[in-house]
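Worksheet: the structure to be examined is printed underneath.
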Amino acid sequence: MDDCIFCKIVDGDIPSRTVYEDDDVLAFLDANPLAPGHTLVIPKAHHERLNDLPADIGSNVFAALHDLTPAVEDAVDAPASTVAFNNGEAAGQEVPHVHGHIVPRFESDGGRPIHALVSDRPDLSDEELDDIAATIAGE
Ligand code: 5GP
Ligand code: ZN
């Protein structure tokens with residue numbers, strides 16, 4: 001994609017601090033880090049959302065996340081990390097090229113857990129939960 005920032009990083013047209021690379025995956029430091037070591041893991045091919053990723057590329061992205069998470073934590077002496085994807089515009093995705101964030105976390109960083117993502121939680125009945133589970137499961 002010509003106007004995609006992350007495709008430009010893959011092509012070397014925009015510099016990045018690369019921490020890992022293989023045939024399908026690139027990982028580099030976030031230019032606007034939430035913490036020291038904040039790393040982005042992307043497929044080299046342009047896919048907008050996780051939903052669009054071919055299964056084998058998704059597996060390779062996850063394998064890189066799996067290997068890099070302890071390396072990132074160790075590099076900055078972090079006791080924990082938040083690993084997440086903003087998957088789609090409504091979820092806050094700003095760069096429309098799939099990327100996983102590895103954000104090192106510290107006891108005193110003032111950050112919050114995934115459960116702080118939304119302020120208006122739904123109050124779902126057992127029946128609604130059953131229906132949703134069945135729909136996801138394809139029943
Ligand atoms: P999103 O909100 O789409 O999940 O996250 C996009 C991330 O990409 C942000 O954390 C932002 O700081 C990072 N980012 C945007 N442009 C660049 C860039 O040119 N280089 C690097 N290394 N990171 C970028
Ligand atoms: Zn792209």
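Specify the residue that is nearest to ligand 2 (Cβ to nearest atom); the eligible residues are those in segment 20-38 that are assigned to a strand (DSSP E or B) and touching a helix residue (DSSP H, G or I) at 6+ places or on another chain (Cβ under 7 Å).
Just the residues of segment 20-38 that are assigned to a strand (DSSP E or B), to begin with: 20-21, 25-29.
Adding the requirement that they be touching a helix residue (DSSP H, G or I) at 6+ places or on another chain (Cβ under 7 Å) leaves 20, 25-28.
On the way: Tyr20: 18, Val25: 13, Leu26: 11, Ala27: 15, Phe28: 13 Å.
Filtering first and then ranking leaves Leu26.
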Do we have any residue at all in segment 92-103 that's in contact (Cβ under 8 Å) with a residue 24 or more places away in the chain, over 20 Å from Ile9 (Cβ atoms) and not aromatic (Phe, Trp, Tyr)?
-> no
Residue satisfying condition, being in contact with a helix residue (DSSP H, G or I) (Cβ under 9 Å, 6 or more places away or on another chain) and of a type outside the set (A, V, I, L, M), within set Pro79, Pro113 | Pro79
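Only residues that are of a type in the set (Gly, Ala, Ser) and either assigned to a loop (DSSP other than H, G, I, E, B) or surrounded by fewer than 15 Cβ atoms within 10 Å (Cβ to Cβ) (or both): list them for segment 98-114, please.
Passing the criteria: Ser108, Gly110, Gly111.
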Could you grab me the full set of residues in segment 7-18 that are part of a helix (DSSP H, G or I) and either over 10 Å from Ile42 (Cβ atoms) or touching a Phe, Trp or Tyr at 6+ places or on another chain (Cβ under 9 Å) (or both)?
-> Lys8, Ile9, Asp11
Are there any pairs with C-beta distances below 9 angstrom linking a residue in segment 27-43 that is in contact (Cβ under 8 Å) with a residue 24 or more places away in the chain and on the phi > 0 side of the Ramachandran plot to a residue that is surrounded by 20 or more Cβ atoms within 10 Å (Cβ to Cβ) and outside any loop (DSSP other than H, G, I, E, B), with the two at least 6 apart or on different chains, and if so which?
-> Gly37/Val72; Gly37/Ser81; Gly37/Ile102; Gly37/Val103; Gly37/Pro104
Could you please give the count of residues in segment 59-90 that are of a type outside the set (Ser, Thr, Tyr) and away from ligand 1 (no atom under 15 Å from the Cβ)?
-> 16
Residue that is surrounded by 11 or more Cβ atoms within 10 Å (Cβ to Cβ) and acidic (Asp, Glu), where the choices are Glu139, Glu128 | Glu128
Looking at this structure, is Val41 crowded, with 17+ Cβ neighbours inside 10 Å and near ligand 1 (Cβ under 10 Å from one of its atoms)?
-> no
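Every read-out reported here was derived from the displayed coordinates using simple, explicitly stated rules and does not represent laboratory data. Quantities reported herein were computed from a predicted structural model and do not represent experimental measurements. Positions of Cβ are generated from backbone atoms using ideal geometry, with glycine treated the same way; all protein chains shown enter the neighbour counts.
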